[in-house]
Amino acid sequence: MPPSVPHVQERLPGGRHTVPLDVHLIAVRDGDRGPEVLLSRRAGAVYASGCWHLPSGHVDGAHEDVVSALVRETAEETGLVVAAEDVRAAVTVHHRAPGGSARVGFFFEVRRWSGAPRVLEPEKCDAMDWFPLDALPGPMVAFCRAGLDAYRSGGRIALHHCEPDDPIAYDPALDRLRVVPDRGRPSER
């Protein structure tokens, strides 16, 4: 696996910094063995080449919102056409990579779309397939796996802060996911 590609973080006046905003598609369908999720395998000169990941991308500039970015990235990477009104918030993950860079990932569930998924960016992805949510393939990008694990647990906010020597690929022995407890519905408080 090639070395990780550094992600750019800007420093603002006063020492504040910005972080990339990622969008992640959790496309779910009913399979023979229960719910299945669409994954793609990263390939080429990209971060985490050879690892499975959700179709994903970045928010492009200050004028694009996270739902619009998800709809756009989904079409660009998979050919699936998703209507914004079919996008559901799943979980938000604050991630710190082994190299120290940080990012925020918005994971969205989608259960309705048109078209059939296919690889549209072969320079970044060499495979795409459906996998049971309870039998995810390896190797998988640890950040992606953290988002899926938080989603499966019903979490809304999660932290995934890696240590400097952690691998990019998910390793259950180094699982650093922390789901932030939800305050519950008003009737549950």
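The values are calculated or read from the model by the stated rules, or taken from the named source; none is laboratory data. Small disclaimer: the values here were computed from a predicted structure and weren't measured. FYI the Cβ positions are ideal-geometry reconstructions off the backbone, even for glycines, and counts take in every protein chain you see. When the accessible area is computed, the model is the full protein with side chains, heavy atoms only, and any ligands, DNA or RNA have been set aside. Shrake-Rupley method; radii C 1.70, N 1.55, O 1.52, S 1.80 Å.
Based on the alpha-carbon gyration tensor of the range 133-183 and its eigenvalue square roots a ≥ b ≥ c, which shape applies: rounded if a/c is under 1.5, prolate if not and a/b is larger than b/c, or oblate?
Since a/c reaches 1.5 but b/c is at least a/b, the shape of the range 133-183 is classed as oblate.
Residues of the chain: accessible area per residue at 1.4 Å, in Å²?
54 Å²
Would you mind estimating how fast the range 48-88 diffuses translationally, via Stokes-Einstein at 25 °C and 0.890 mPa s with the Kirkwood radius over Cα pairs, in µm²/s?
Taking Rh from Cα pairs, D becomes 221 µm²/s.
Can you tell me the equivalent ellipsoid semi-axes for the range 98-159? Use √(5λ) from the Cα gyration tensor, largest first, whole Å.
For the range 98-159, the ellipsoid semi-axes come out as 22, 17, 13 Å.
With r defined as the distance between the Cβ atoms of R176 and D65 and R0 fixed at 35 Å, what FRET efficiency is calculated, to the nearest 0.05?
On the way: r = 29 Å, r/R0 = 0.83.
It comes to 0.75.
Let me know the shape class of the range 66-189, please: from the alpha-carbon gyration tensor, a ≥ b ≥ c as square roots of the eigenvalues, rounded when a/c is under 1.5, otherwise prolate if a/b is greater than b/c, or oblate.
Here the range 66-189 falls in the oblate category.
Quick one: net charge around A169, please, counting Lys, Arg +1 and Asp, Glu -1 for every other residue with C-beta under 15 Å from its C-beta.
Local net charge: -2.
Could you tell me what percent of the accessible area of the chain is made up of carbon and sulfur, with a 1.4 Å probe and every protein chain present?
Here it works out to 52 percent.
From the gyration tensor of the Cα coordinates in the range 21-137, what semi-axes in whole Å does the equivalent ellipsoid have, largest first, with each one equal to sqrt(5λ)?
Ellipsoid semi-axes (Å, largest first): 20, 18, 15.
So if R0 is 30 Å, what FRET efficiency would D129 and R16 give, r being the distance between their Cβ atoms, rounded to the nearest 0.05? Could you put the intermediate results ahead of the total?
Working: r = 41 Å, r/R0 = 1.37.
That pair, D129 with R16, gives E of 0.15.
Where does each of Y151, Y170 land when they are ordered by accessible area, with a 1.4 Å probe and the largest first?
Greatest to least solvent exposure: Y170, Y151.
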